[in-house]
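Read-outs throughout are calculated quantities, based only on the coordinates presented, and are distinct from any laboratory measurement. Model, not experiment: these values are computed from the prediction. Cβ coordinates were reconstructed from backbone atoms using ideal geometry, including for glycine residues, and neighbour counts include every protein chain displayed.
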Amino acid sequence: MVAPPDNDVLRASALHFQHHDGSPALQGVSLGVREGEVLAVTGPRGSGKTSLLRCLAGLDRPQRGEVWFDGVAVHTLGALARARLRRHRFGWIDPVPVLVPELTVWENAALPLMLRGTGRRRARRAALEWLERLDVDGRARSRPHELRHSERQRVCIARALTVVPSVLFADEPTAPLHRAESAQVLRTLTAAARSHGVTVVLACAGPRRAGLADRTVTLLDGRRVRTLHLPPVAGPAGPAEGAEPAGSAGTEGRPACSLSA
Ligand SMILES: Nc1ncnc2c1ncn2[C@@H]1O[C@H](COP(=O)(O)OP(=O)(O)OP(=O)(O)O)[C@@H](O)[C@H]1O
């Protein structure tokens, strides 16, 4: 097997993924991510954003298709090798903050570094730096239950950045934050990634949050689309006359969706 001959640090080819219960999530998605790029993956709920990020990060294995990272065929790796790859090269942010309740905030943020073998003192210093950037350094000695939900999410973002991963997968990272806070945190995240050469794959539901990205890829029903035009949902009698498409801000109101090649 030979790596695709291009400059993308991460590449997916014709990914097909379905969940254990048979739900189709990805139906032939291909994309490349350049080194240092901030790529936004947008699309409505259920369009496959999380599934795509999970396949790219080696958390799930596609049933068909290939994932290449830095010359490594991720789709062929066993569970242990994928876990090692994630620990050493990738960062992950979930839409809901999950922290170790027994550890303090700084210990949580330093944990991935310590798991990589960095000493406690150095890991603490790095964690505090990132907590400061995310404006939660004042909470460094608190336990997660003492924080507000949005503060816990900032800690999760700091934790993901502390290791300065090669690729950061951020799945709706600002979902628990209100709009102004969300915009500020996204700016911090993308600026930090740019200054440290971190490649970012960012899933976000709406085009507004994708504004800070270098490029946007849109999914609809597990496929990559060029423009998002949601067709009206057909009932037993067919689409309602003049029905409003249940679209996002990017919807132009035409009852069709154009699929990319
Ligand atoms: N654990 C699961 N088991 C079965 N089907 C699932 C599971 N998670 C997601 N799906 C289905 O897979 C498809 C893609 O979901 P996915 O979560 O990847 O989309 P998404 O764009 O990230 O949506 P959201 O914005 O709601 O997170 C949807 O049809 C969804 O219902």
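Quick notes on this structure:
- Altogether, the Stokes-Einstein calculation at 25 °C and 0.890 mPa s, with the Kirkwood radius of the stretch 8-227 over Cα pairs as Rh, returns a diffusion coefficient of 140 µm²/s.
- Counted by neighbouring Cβ atoms within 10 Å, the residues GLU35, GLU66 run from fewest to most as GLU35, GLU66.
- Basic side chains Lys and Arg get +1 at the Cβ, acidic Asp and Glu get -1 at the Cβ, and with that the dipole of the stretch 1-60 about its Cα centre reaches some 180 debye.
- Spin-label zone in the stretch 147-166 - amide nitrogen under 14 Å from a point set 7 Å from the Cα of HIS88 along the C-beta vector: 166
- Using the Cβ-Cβ distance between ALA180 and ARG215 with R0 set to 22 Å, the FRET efficiency works out to roughly 0.30.
- Note on ASP60, ASP70: ascending count of other Cβ atoms within 10 Å places them as ASP70, ASP60, the fewest first.
- For the stretch 44-165, the dipole from Cβ point charges (+1 on Lys and Arg, -1 on Asp and Glu) about the Cα centre works out to 220 debye, to the nearest 20.
- Residues listed by number, the stretch 149-192, amide nitrogen under 15 Å from ASP70 label point at 7 Å toward C-beta: 163-169
- The packing ranking of peptides 196-205, 17-26, 90-99, highest mean first, is 196-205, 90-99, 17-26, where packing means the average number of other beta carbon atoms within 10 angstrom of each residue.
- For THR174, THR118, order by how many other beta-carbon atoms lie within 10 Å, fewest first: THR118, THR174
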